[in-house]
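Worksheet: one structure, shown below.
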Amino acid sequence: MVTAKQSVTWYREVWNRMALPKHRFILWLVVLDRMQMKERLFRFHIVADDNCLLCGTKKENREHLFFECHLSCQVLELIRDWLGWHTAARTIPKLLRWIAKARLTRFRKKVFSATVAAMVYHLWWCRNEALWNHKVYKVSIVVERIQNNVKNRVRSYMPNKIQQIDQDWFDQL
Ligand SMILES: [Zn+2]
């Protein structure tokens, strides 16, 4: 569970209008650890095993899916390079805390937290594709979907007042 103190720092990052509503909703459920991960379902005898659907070698739980699993870890690496993230944070709470505290313009913070939400959404989508359609998508495809979603959404929610340096940075993404 998220404590009241933690939620103060994170709140703005999770409920960021620059993230698509369905992305921030999933992110919020993940932050609260309310997703129906296989480890939990297995404990209640709802599924036959608790193996991760993406790698098949580890237990599927929040920490594994975001971002210990090799597929999600690669997605995170590519997104870090794409946005020039200078952080060693490898979990959702740490990433959100880093964004909240980083010395960045509000615009960049919004783009970054919208990207965290998009990553969570698409990795969960990817996991569901593996579950229901027995399809495991390539890392490059997942990353492309995240990038396109973020770019399109930010373009349509572009603030009226934006520093030129932020505009130039966003245009080259
Ligand atoms: Zn895995």
How many residues, within the stretch 40-66, are assigned to a helix (DSSP H, G or I) and more than 15 Å from Trp124 (Cα to Cα)?
-> 4
Filter the stretch 74-107 for residues that are among the basic types (Lys, Arg) and either at pLDDT 95 or above or in a loop (DSSP other than H, G, I, E, B) (or both) and give the result.
-> Arg80, Arg90, Arg103
All positions within the stretch 101-129 that are closer than 14 Å to Glu13 by Cα and surrounded by fewer than 18 Cβ atoms within 10 Å (Cβ to Cβ) | Lys101, Ala102, Leu104, Thr105, Arg106
Selection within the stretch 43-54 - away from the ligand (no atom under 11 Å from the Cβ) and out of contact with any Leu (no Cβ under 9 Å at 6 or more places or on another chain) = Arg43, Phe44, His45, Ile46, Ala48, Asp49
Checked against (1) closer than 20 Å to Lys135 by Cα; (2) more than 10 Å from the ligand (Cβ to nearest atom); (3) β-branched (Val, Ile, Thr), Thr57 satisfies every condition except (2)
Quickly run through the stretch 142-164 and pick out the residues that are free of Cβ contacts under 8 Å to residues at least 60 places away in the same chain and either surrounded by 11 or more Cβ atoms within 10 Å (Cβ to Cβ) or in contact with a His (Cβ under 7 Å, 6 or more places away or on another chain) (or both).
-> Glu144, Arg145, Asn148, Val150, Lys151, Asn152, Met158, Pro159, Ile162, Gln163
Of the residues in the stretch 64-120 that are within 16 Å of the ligand (Cβ to nearest atom) and either farther than 21 Å from Asp33 by Cβ or of a type in the set (D, E, K, R) (or both), the one that is farthest from the chain's Cα centre (by Cα) is His70
Can you tell me which residue among Phe42, Phe112 is of a type in the set (Phe, Trp, Tyr) and touching a strand residue (DSSP E or B) at 6+ places or on another chain (Cβ under 9 Å)?
-> Phe42
Please tell me if Leu123 is among the hydrophobic types (A, V, I, L, M, F, W, C), out of contact with any Pro (no Cβ under 9 Å at 6 or more places or on another chain), within 22 Å of Val154 (Cβ to Cβ) and in contact (Cβ under 8 Å) with a residue 12 or more places away in the chain.
-> yes
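The values are calculated or read from the model by the stated rules, or taken from the named source; none is laboratory data. The structure displayed is predicted, hence computed values, not measured ones. Methodologically, a virtual Cβ is constructed for each residue, glycine included, from the backbone with ideal geometry; neighbour enumeration extends over all protein chains shown.
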